[in-house]
Structure formats: structure tokens, C-alpha cells
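Below is one structure, written out as C-alpha cells; the observations come after it.
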Amino acid sequence: MTTAKKPAILDGVRIIDLTSIIFGPLATQMLGDLGADVIKVESPEGDLIRQIQPSRNPMMGAAYLGANRNKRSIVLDLKTEPDRARLRKLLKGADVMISSIRPAALARLSLDPETLRRDNPDLITVFATGYGQDGPYAAKPAFDDIVQAVSGLASLPMLRDPDAKPDYSPTILADKLGGVTTAYAVMAALFHRERTGQAQHVEVPMFETLTAFLLAEHMDGATFDDVPKDFGYARMLVPHRRPLETKDGFITLLPYTNQQWTRFFKAVGRDDMVAHPWISDMEERSRNIGALYDMVAQIAVTRTTQEWIDLMEEVDIPAMPVRNLADLPADPHLAATGFFQQIEHPTEGPIWTTKPPIRFSETPARHDHRPAPHLGEHTEEILGPDGD
């Protein structure tokens, strides 16, 4: 039996997807990759991300294609009672509803969790929100840049350099982390329902999710303060923590343990450093990590990138070249694992995508079961020719 014919882990689970942009759609794509039947409910205008360029055809932009495979699309105008009734009918046979519509708006439409569970007690409801609904920001709109700002992520450059200005991470980190968190939250809620028979409501706030993620290490000294104030993990913030320039490019060298630092300095002919407290005492190294990284930076320019790779492999120290995104398709590891896949979209032609990175021996994830749908492509298939 080929892996393509094996059942996926969420086969038989139906998810009604009322999300847009990236936060929610990335979560539902991940669940679709695992076999869930994801029905993407769109307004007549469609998910805004459809319009973001580049694209080959209108409403089928690359960013949309990247977060909406393994879904079916229907169009419903939830401002009208007939379409709200159609949605409620769909929800009666669903396992999960995921929404990024503001909870107050859903309540006005009688689509709040309590009302929906009266019709379907087994329905798990999930709100992918900007902020937790028990705080003063509850009703505020939120996008990735907004959450990077308010979470403290944008301020990290100023912890490294007091003269620096705040800056955004050049990736939609808040959206994508929220999507991953939502996917695992849905899996946990499904497991709970399987074990106990109890459906529940789940809230995934982007602000709190990113802040907790950020503070896993950056809580730092604030952990022990009477009033938390001493934030910032020093090793992440020293000026010399950056890719190192070599004779012909850039590399990341990362000795970490006492033994690795010892092997590093022996390998580069600096035996005088082997007995130094910065090498033999991790507490001393932590207090002086910036100066140590500066030493490594000065040594790095003495060899080419490939010479460093070869030397670090000999002494078993982590090291990798700095890649540009355009280098990734030729990366030998990604090529060997088939990470990049070109598939044929029915209307968009050949498009590149990436395989799900996780692997299950018996219930494989899939990247090519359904290509990202056109707006309302499956409305008649799901609702019938009369929409009912």
C-alpha cells in the first residue's frame, strides 16, 4: 500500500473555517493537511489575502495559495438571515468551528458558542482572536504588526542597542505562531472530546500567545523580581550574536557546552583559552558571552565558509552557512527530503509548495490532496444546487 492511500489522522473530522488572512487560515491548512474536511466560509468579497500580489489570476494570490490548500470554499453573506441559516445547518454536522470574526459580532449573529452548542452539543468552537476576551483590549482589532508592537517583540533591538529604534521581525511571526497554536489547541480539544465526550470552547489570543512565546527566555531576571522588571536574555541580546563574516561569506558557528568551547579553541590553535574561566565555567561565560562572541568573530574571517564547515564537522561543533531564501531550493538536505514540491493547480498551473514538515508513520500528512480553492468553488457541492 502506498502512503498516498493511507488514512490521514483527522479523516472524518469536519471543520467550518470562518477565518481570514494568515492566523486562522494557516491553522486550518495544517488541520486539512492532517486529513480534516475544512470548509472555508467566505463573504462575497472573499478573503482579503486573495488580492495580495503576486498572482497569475485575480483573487488567487501567492500568499492565499500558501495558506489555503486542502480546503473547500463556499460563499455565504452572513449579513443575511438565509445565509446565516445555511451556516447553522452546516454547523449542526460539524466537529469544529474556527472563527476570527470578533466574538461580539458573532453573538449579534446568534453564532456564539452557547447558541451553537444548543443545536450541536458536540461542536468545538474556537476563537482566533487578537486579544483575550477578559481584558480591556478584547474588542480592539489586531494584525501582525500591531501585536509585534504591543507584545514587546518590536522593542528587542533596543535591548541590544539603546540607540536603536524598534523594528518588526521581517516575517508575520504573530500570525504564524497563532496559527500553529490554534492547530494544536484544536487537536487537544478533539482529543478531550474523544476521551470524555465533552465539547468545549477554545480561545487563542494572538497577543498573549506571542508574549508568552517571547518570554520563554526573555523573562530572565524578572523571574525573581518582586515586581517584574529585569527582562531580556543576555545571550540573545549581545551585539556580537549575529552571523559571522568569513573570507567569502557568512556562517553561524555555535559552540555551546564547555566541551564544545574547548574543542573550538583547540581547533583554531588557541590552546591558551582552554583553561580560561569563560570556557571552563558556564556562569562566567554567561556573564561575558559578548566578549567571547567578539573573539569568535575576529577568528571567523581567517577561513572560508566551507573551511569552517569542514573543520567544525571534524570537531563536532554546530555550524551552518547563512542561506538566502533563494538558496533553499538547492539546499542538499531539503532536496533529499523532497521539501519543495511543484504541483499542478487546475487553474493556476504549476505552483511550488512545501510539504508538511511533520511525519507520521501510519497517518501521513498531505500537501496535494486539494489545491487552494477559488472563491465559492464548492458552494453548490456542499450546499446543493438551491443553496439548502
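Things worth noting here:
- Residues being exposed (fewer than 15 other Cβ atoms within 10 Å of the Cβ) and not in a strand (DSSP E or B) - total across region 340-362: 8
- Residue within region 319-339 that is in contact with a strand residue (DSSP E or B) (Cβ under 7 Å, 6 or more places away or on another chain) and part of a helix (DSSP H, G or I) present: yes
- Only listed residue being in a strand (DSSP E or B) and assigned by TED's automatic domain parsing to the domain that holds P357, chosen from I9, I21, I49, I16: I16
- Flag set for R84, criterion: surrounded by fewer than 17 Cβ atoms within 10 Å (Cβ to Cβ), on the phi < 0 side of the Ramachandran plot and part of a helix (DSSP H, G or I).
- Of the candidates A94, A142, the single residue that is assigned to a loop (DSSP other than H, G, I, E, B), in contact with a helix residue (DSSP H, G or I) (Cβ under 6 Å, 6 or more places away or on another chain) and among the aliphatic types (A, V, I, L, M) is A142.
- D316 vs. criteria on the phi > 0 side of the Ramachandran plot, touching a residue at least 40 places away in the same chain (Cβ under 8 Å) and charged (D, E, K, R): yes
- Filtered residue count, region 115-137, keeping only those that are under 26 Å from D95 (Cα atoms) and in contact with a helix residue (DSSP H, G or I) (Cβ under 9 Å, 6 or more places away or on another chain): 16
- Considered as a group, the residues in region 20-78 that are under 26 Å from F360 (Cα atoms) and among the polar types (S, T, N, Q) include one that is surrounded by the most Cβ atoms within 10 Å (Cβ to Cβ), and that residue is T28.
- Among the residues listed as I317, I289, I309, the single one being more than 27 Å from V41 (Cα to Cα), surrounded by 11 or more Cβ atoms within 10 Å (Cβ to Cβ), at pLDDT below 95 and among the aliphatic types (A, V, I, L, M): I289
- M206 being surrounded by 15 or more Cβ atoms within 10 Å (Cβ to Cβ), of a type in the set (A, V, I, L, M) and closer than 30 Å to D95 by Cα: yes
- D119 loosely packed, with under 13 Cβ neighbours inside 10 Å, among the acidic types (D, E) and either within 18 Å of Q29 (Cα to Cα) or in contact with a Lys or Arg (Cβ under 7 Å, 6 or more places away or on another chain) (or both): yes
- Restricting attention to region 107-130, the residues that are touching a Ser or Thr at 6+ places or on another chain (Cβ under 9 Å), in contact (Cβ under 8 Å) with a residue 24 or more places away in the chain, not charged (D, E, K, R) and not in a loop (DSSP other than H, G, I, E, B) total 7.
The values are calculated or read from the model by the stated rules, or taken from the named source; none is laboratory data. What you see is a predicted model, and the numbers here were worked out from it, not measured in a lab. As a convention, Cβ positions derive from the backbone with ideal geometry for all residues, glycine included, and neighbour counts pool all protein chains shown.
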